[in-house]
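Worksheet: the structure to be examined is printed underneath.
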Amino acid sequence: QVQLVESGGGLVQAGGSLRLSCAASGSILRLNVMGWYRQALGKKRELVATITSGGSTNYADSVKGRFTISRDNAKNTMYLQMNSLKPEDTAVYYCQLTQVRLDYWGQGTQVTVSS
């Protein structure tokens, strides 16, 4: 089993920054993919960014150039640095880990961007 715990969400003004963290624990394999997803009120959950255990990254077009995903494999922790935040970035942000075709999810952390 794998447990994921997000932290770092909060309320920020438009143009501001936040840094999310996701701490993973449990039976974590060397090869995996971690990612951030978000779900705004009344909308479907969507991909924000992913990062492999080797460091390859992928971003949604809506966050390219503003968000940076990273990870510390030694600490089993993933980060999302969010800059130039916009009101449309308001959502619950979820951490995900995929290994051996199994998906694990965190509980989510709320990010609210005021205009």
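General observations
- Subset of region 20-30 (residues that are loosely packed, with under 14 Cβ neighbours inside 10 Å and in contact with a strand residue (DSSP E or B) (Cβ under 7 Å, 6 or more places away or on another chain)): Ser25, Gly26, Ser27, Leu29
- Of all residues in region 31-71 being basic (Lys, Arg) and outside any loop (DSSP other than H, G, I, E, B), the one that is least open to solvent (accessible area, probe 1.4 Å): Arg38
- Among the residues making up region 99-111, those that are under 13 Å from Leu18 (Cα atoms) and either free of Cβ contacts under 8 Å to residues at least 24 places away in the same chain or open to solvent by less than 50 Å² (accessible area, probe 1.4 Å) (or both) are Thr109, Val111.
- Residue within region 78-98 that is over 25 Å from Thr112 (Cβ atoms), at pLDDT below 95 and open to solvent by 30 Å² or more (accessible area, probe 1.4 Å) present: no
- Taken over region 64-90, the criterion of being under 20 Å from Leu4 (Cβ atoms) and of a type in the set (A, V, I, L, M) is satisfied by Ile69, Ala74, Met78, Leu80, Met82.
The values are calculated or read from the model by the stated rules, or taken from the named source; none is laboratory data. Please read all numbers here as calculations on a predicted model, not as lab measurements. Every residue, glycine as well, gets a Cβ built from its backbone with ideal geometry; the counts of neighbours run over all protein chains shown. Quick note on the areas: whole protein, heavy atoms, side chains included, nothing else; ligands and nucleic acids left out. Shrake-Rupley method; radii C 1.70, N 1.55, O 1.52, S 1.80 Å.
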